Amino acid sequence: MDAELQTPRRRGRPPKQREALGDTRELLLRAGLEVLTEKGFSATGIDEILGRAGVPKGSFYHYFASKEAFGLGLIERYGEFFARKLDRHLDNRSLPPLARLHAFVDDARAGMARLGYRRGCLIGNLGQEMGSLPESFRARLKETFEDWQARFSACLKEAQEAGEVARSADTDQLAAFFWIGWEGAVLRAKLEQSARPLEVFAAFYFAGLPPG
């Protein structure tokens, strides 16, 4: 779900596009997002992130007081990134509402495939680790999921107005159900290195929407 965050990098000197950014904090956040969409927060050390970003250790503590503060910054950064991705599809008025939801699913599936199913969803990954993470993460993760659900629900409401979904349907519940199931499908796709779990979930979800 994060194909646009960064293309796979070669070892050694940081790519030129990173050098051009000129923003060490941004470099650290991008490196953190790359690593943590592939593996867990607890299993990732600061040194690995510094190596990926190509910056000295002192730079990390200039921008982040602790690994916990860094994690909170990553949640915020990823949440904003993914909200923009959602809006690009769900606000596309050239398509009917349900077609916009399908477009998002298709794009997300293609993104995972491009990266060889190595990366999942940062928010979902952290949610699975919550038992060993700082308690401060819990509210931020919940808020991020609720934001995504609200955007999905708004598109489903448009589908109701367009006669694509029954007006009696609870769009908030349908949106929550989507994200609960989709995050599980992303995890399974990463495990199996296959798009099949995403396709199975999406097919059942859209088939189960009450018709207008």
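Each reported figure results from applying straightforward, stated rules to the coordinates on display, with no laboratory input. As the structure is a prediction and not an experimental result, all values here were calculated from the model. A quick note on method: Cβ atoms are made from the backbone with ideal geometry, for glycine too, and the neighbour counts reach across all protein chains shown.
Miscellaneous remarks
- 5 Å-binned pair-distance histogram of region 33-116 (Cα, whole percent): 3, 12, 17, 19, 15, 11, 11, 7, 5, 1, 0
- Net charge contributed by nearby residues that have their C-beta within less than 13 Å of ALA69 (K/R +1, D/E -1): +2
- Anisotropy class of region 142-212 from Cα gyration tensor, a/c 1.5 cut: oblate
- Modelled label positions at GLU146 and ASP106, each set 7 Å beyond Cα in the direction of Cβ, lie 3.4 nm from each other.
- For the pair ARG93 and MET130, label points projected 7 Å from Cα toward Cβ lie 3.7 nm apart.
- Between amide H atoms placed 1.01 Å from N, distances below 5 Å from VAL165 occur with GLN160, GLY212, all of them 5 or more places distant or on a separate chain.
- Inverse of mean 1/r across different Cα pairs in the chain, Kirkwood, Å: 18.3 Å
- Using the Cβ-Cβ distance between ALA65 and LEU191 with R0 set to 41 Å, the FRET efficiency from 1/(1 + (r/R0)^6) comes to roughly 0.75.
- Applying 1/(1 + (r/R0)^6) with r as the Cβ-Cβ distance of SER42 and ALA207 and R0 = 41 angstrom yields a FRET efficiency of 0.60.
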